[in-house]
Amino acid sequence: MDDLVLVSVDDHVVEPPDMFERHLPAKWRDVAPRVERKPDGSDVWVYDGNTIPNIGLNAVAGRPPEEYGMEPTSFAELRPGCYDVAQRVRDMDANGVVGSMCFPSFPNLCGQLFSRSTDLDAGLAVLQAYNDWHIDDWCGAAPGRFIPLMLPPIWDPELMAAEVRRCAAKGCHAVSFSENPSKLKLPSLHDAHWDPFWQACVDEGTIVCLHIGSSSKLVITAPDAPVDVLITLQPVNIVQAAADLVWSPVLRRFPDLRIALSEGGIGWVPYFCDRIDWIYTRHHPWTGQDYGGRLPSEVFLERVVLCFIDDPAGTANLDRMNVDTVCWEADYPHSDSTWPISPETLWPSIDGLTDDVIDRITHGNALRHYRYELPGPREECTVGALRARAADVDVAPRAASSRRVERHTGAMELIHIGEAGKR
């Protein structure tokens with residue numbers, strides 16, 4: 001286990017309050033997002049009339065599980081590694097993780113917040129400042145430890161293409177996009193509307209990351225269902241996205257495009273592949289789908305990167321997948337994260353695999369698909385080597401505060417809190 005090299009293709013950053021100070025042009029500084037302290041002691045981001053709380057469940061690293069909840073929180077209650085890049089690297093070392101790609105928090109997973117700007121010119125300026133901060137300050141603070149990830153101006157595919165090219169010139173070759181843009185009242189994945197964006201990603205070798213929840217919608221069964229139901233069904237968003245991709249023209253019209261299904265797990269993949277091949281074989285004569293002599297599962301497994309945190313069913317069925325497109329995630333600092341025992345959690349699921357397969361799914365595939373390079377020789381990037389230099393990092397759970405914690409048990413209540421930034 002200590003010889004593993006772990007690269008996580010899905011973590012998250014809680015953006016620090018000063019992130020826009022260096023990167024937003026003077027013309028737009030008056031409209032910059034800012035952090036305000038609420039009377040209850042929580043910190044919120046304020047932008048263009050929207051108030052976006054730091055939801056506790058999104059940043060629970062270092063807190064005991066009994067404190068997990070949906071209550072808004074403050075920076076003082078968070079583990080510093082959530083928002084301080086130097087401390088994040090220390091927490092990565094303590095977890096034995098050498099590389100990390102960090103999705104956003106307050107702008108929503110694909111920058112939906114900025115797409116709702118009253119002035120979209122200001123929205124573009126703020127979004128570009130966000131990307132510059134992420135690439136230059138967050139990733140640039142620790143060269144080789146992070147995989148840059150940009151946000152796209154999703155309201156205009158031509159602007160998206162231009163931003164993909166601009167960020168690629170800065171060394172960023174991953175972009176976060178919605179797993180279901182129609183839920184954001186935008187054209188669906190079946191529409192040619194997005195073609196300039198897809199083409200720019202192909203041209204620049206940029207992988208498109210579809211993260212669960214990036215449509216601002218989660219799967220619920222009933223208004224009074226407990227939150228456990230919602231959390232259980234989160235990966236269903238990714239299964240829906242996979243079906244959209246397979247039956248859309250995207251994969252066939254852009255054969256060099258690479259797409260990642262972030263935080264969706266992999267245990268569902270064998271059944272999904274059986275299902276799409278069954279549907280294609282029986283129904284394509286009348287539905288008009290044409291995979292040109294190939295089965296849809298072949299194209300899906302070849303072109304779509306699959307990502308998992310801890311998925312024993314998935315790793316037990318890797319022979320039904322393409323081990324060259326499976327990547328691992330730590331999900332720090334979210335509630336599903338395995339920090340600070342990611343190696344111990346992962347090891348039982350992969351211990352029986354060959355060294356070559358282990359290397360591919362723990363880091364090799366990430367290096368290739370996300371155009372990432374290890375920061376040094378392998379012996380300096382292993383779990384054992386990283387943890388040896390972080391022996392002084394305290395990873396014991398710590399209570400956040402004595403502030404009263406609101407317990408949210410209804411799925412609809414969680415949805416409403418998560419959409420608070422829209423109001």
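Computed values, structure above
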{"read-out": "Considering residues of the range 170-184 that are without any contact (Cβ under 8 Å) to a residue 40 or more places away in the chain and not in a strand (DSSP E or B) only, the residue farthest from GLN234 (Cα to Cα)", "value": "LYS170"}
{"read-out": "Residue in the range 326-340 that is out of contact with any Phe, Trp or Tyr (no Cβ under 9 Å at 6 or more places or on another chain), part of a helix (DSSP H, G or I) and not acidic (Asp, Glu) present", "value": "no"}
{"read-out": "Residue among VAL31, VAL44 that alone is open to solvent by less than 30 Å² (accessible area, probe 1.4 Å), β-branched (Val, Ile, Thr), at pLDDT 90 or above and closer than 25 Å to SER176 by Cα", "value": "VAL44"}
{"read-out": "Any hit, the range 93-106, residues being in contact with a Phe, Trp or Tyr (Cβ under 7 Å, 6 or more places away or on another chain), more than 18 Å from SER335 (Cβ to Cβ) and of a type in the set (Ser, Thr, Tyr)", "value": "no"}
{"read-out": "Residue ranges of strands (runs of 3 or more DSSP E) in the range 7-105 with at least 1 members among the polar types (S, T, N, Q) and within 24 Å of HIS173 (Cβ to Cβ)", "value": "97-103"}
{"read-out": "Single match in ASP356, ASP331, ASP336 (criterion: of a type in the set (Asp, Glu) and over 17 Å from the mean Cα position of the chain (by Cα))", "value": "ASP356"}
{"read-out": "Neighbours by Cβ (under 8 Å, 6+ apart or cross-chain): first from the range 147-168, under 27 Å from MET92 (Cβ atoms) and modelled with pLDDT of 95 or more; second among the hydroxyl-bearing types (Ser, Thr, Tyr) and assigned to a helix (DSSP H, G or I)", "value": "LEU151/TYR130"}
{"read-out": "When residues of the range 196-218 are limited to those that are of a type in the set (S, T, N, Q) and touching a Lys or Arg at 6+ places or on another chain (Cβ under 9 Å), the one most open to solvent (accessible area, probe 1.4 Å)", "value": "SER216"}
{"read-out": "Top-ranked residue of the range 75-127 - restricted to ones that are in contact with a Leu (Cβ under 9 Å, 6 or more places away or on another chain) and among the hydroxyl-bearing types (Ser, Thr, Tyr), ranked as most open to solvent (accessible area, probe 1.4 Å)", "value": "SER115"}
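The values are calculated or read from the model by the stated rules, or taken from the named source; none is laboratory data. Remember, it's a predicted structure, so these values are computed and weren't measured experimentally. No Cβ is skipped: glycine too gets one built from the backbone with ideal geometry, and neighbour counts run over all protein chains shown. Surface accessibility is based on the protein's heavy atoms, side chains included, excluding ligands, DNA and RNA. Shrake-Rupley method; radii C 1.70, N 1.55, O 1.52, S 1.80 Å.
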